[in-house]
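One structure is given here, and the rest of the page talks about it.
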Amino acid sequence: MKLGFNEATCMNNSTLERDLELCEKYGYDYIEIRLDMLADYLKTHTLAELKSFFDGARIKPYAFNSIEDINFASPEKQHEVDELFLFACHAAQSIGNPYIIVVPTMREDMKDKSEKEVFEDSVKVLKRMAQIAAPYSVRLAFEPIGDPRWCVRSLRQCMEIINAVDLPEVGVALDAFNLYLYDELRDMGDIDAVPLEKLFVYHIDDCEDRPLRQLDHCHRLIPGEGIIPLDDISNKLKAKGYEQIASVELFRPEYWERDAESVIREAAEKTRRFL
């Protein structure tokens, strides 16, 4: 697998320019660019400049993060999501970024939605988004989020939706922390059931040893420092033949307070053993 860096890891103590410089320095293969950090970059640079950087660098773009709250959107929210999505599609085509991460809706009332309602809405929305993205040659990686506030939580539920969409442009973003957050990875057979051609993105992250009900995204850790069985996950992906990105995605405030270079260096050193 190839080493990737997700910009959430240093989102409050770095910039896109700095992340690119440091990821190139420490041998990352890919970067997942945050759309808000891309917007900041474009205040003083152009997409042509960004493409020129990638043309001459080792590191390459892999996925934009992220288009969120796609389910059960009001007309106003739908317009907002569509605008960001079209911006992402255009930017992705301009710099050769193949994937966009798509995230289900997070609201307290999502707990009241039935799985059938979520299934039907997600299939409809993903088909519509894939149609919009098609002219830009961009694929959508749908990511289940284990927390009960999100409407698509489990890998099983996510794959049922993706299989119903039945388009080659729609696959899954598999996140180790979100798999653990759902049910502590009691049944890792769900990973075996994901067809290789539908596995678009792998986020590799660890977490603190806390009761499941206490865990949140701020408790993520650099791979190898926590309790998630990353060796088991990586071995399953290797056996499947997956050779794409293993991207470090951390939302830990402690890492945002450190110098970005120290975090990016340490993440590279400690993640490589899982590749």
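The values are calculated or read from the model by the stated rules, or taken from the named source; none is laboratory data. Small disclaimer: the values here were computed from a predicted structure and weren't measured. Note: ideal-geometry Cβ built from the backbone for every residue, glycine included; neighbour counts use all protein chains shown. Ligands, DNA and RNA are excluded from the accessible area calculation, which covers all protein heavy atoms including side chains. Shrake-Rupley method; radii C 1.70, N 1.55, O 1.52, S 1.80 Å.
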- Note on the structure: per DSSP, antiparallel bridges as share of beta bridges in the chain, % nearest 5, sits at 10 percent
- Message: With every protein chain kept in place and ligands, DNA and RNA left out, what is the accessible area per residue of the chain? Probe 1.4 Å, answer in Å².
- Response: 42 Å²
- Query: Rounded to a whole number, what is D in µm²/s for segment 81-228 from Stokes-Einstein with the Kirkwood radius over alpha-carbon pairs (25 °C, 0.890 mPa s)?
  - Reply: 153 µm²/s
- Task: Starting from the Cα coordinates of the chain, work out the convex hull volume and express it per residue in Å³.
- Result: 122 Å³
- With x for Gly and Pro, the residue-by-residue ³J(HN,Hα) of segment 158-171, computed from phi through the Karplus equation 6.51 cos²θ - 1.76 cosθ + 1.60 at θ = phi - 60° and given in whole Hz, is 4, 5, 4, 5, 4, 5, 6, 4, 6, 10, x, 7, 10, x
- Based on the mean of other beta carbon atoms within 10 Å per residue, what is the order of 179-187, 25-33, most packed first? 25-33, 179-187
- Cβ-derived FRET efficiency at R0 25 Å, Leu212 paired with Asp36, nearest 0.05: 0.30
- Can you give the extra length, in nm with one decimal, that the chain gains between Gln78 and Glu254 once fully stretched, where that is 0.36 nm per residue apart less the Cα-Cα distance? 59.9 nm
- Quote the charge dipole size of the chain about the Cα centre in Debye, to the nearest 20; the model charges only the Cβ of Lys and Arg (+1) and of Asp and Glu (-1). 560 debye
- Sorted by mean Cβ packing within 10 Å, highest first, what order do the peptides 252-258, 156-162 take? 156-162, 252-258
- Query: Where the accessible area of segment 40-152 is counted over protein heavy atoms with a 1.4 Å probe, how much of it, in %, is carbon and sulfur?
  - Reply: 52 percent
- From the Cα centre of segment 38-76 to that of segment 206-275, the distance in Å is 23 Å
- For peptides 47-57, 119-129, sequence by mean Cβ density within 10 Å, most packed first: 119-129, 47-57
- Message: Under a crude label model (7 Å from the Cα following the beta-carbon direction), how far is Asp112 from Glu269 in nanometres?
- Response: 5.1 nm
- How many lysine pairs does segment 1-152 hold where the Cα atoms are under 30 Å apart and the two sit 8 or more places apart or on different chains? 24
- the chain - mean residue ellipticity at 222 nm from DSSP helices (-39,500 (n - 2.57) per run, n ≥ 4, rounded to 500): -12500 deg cm²/dmol
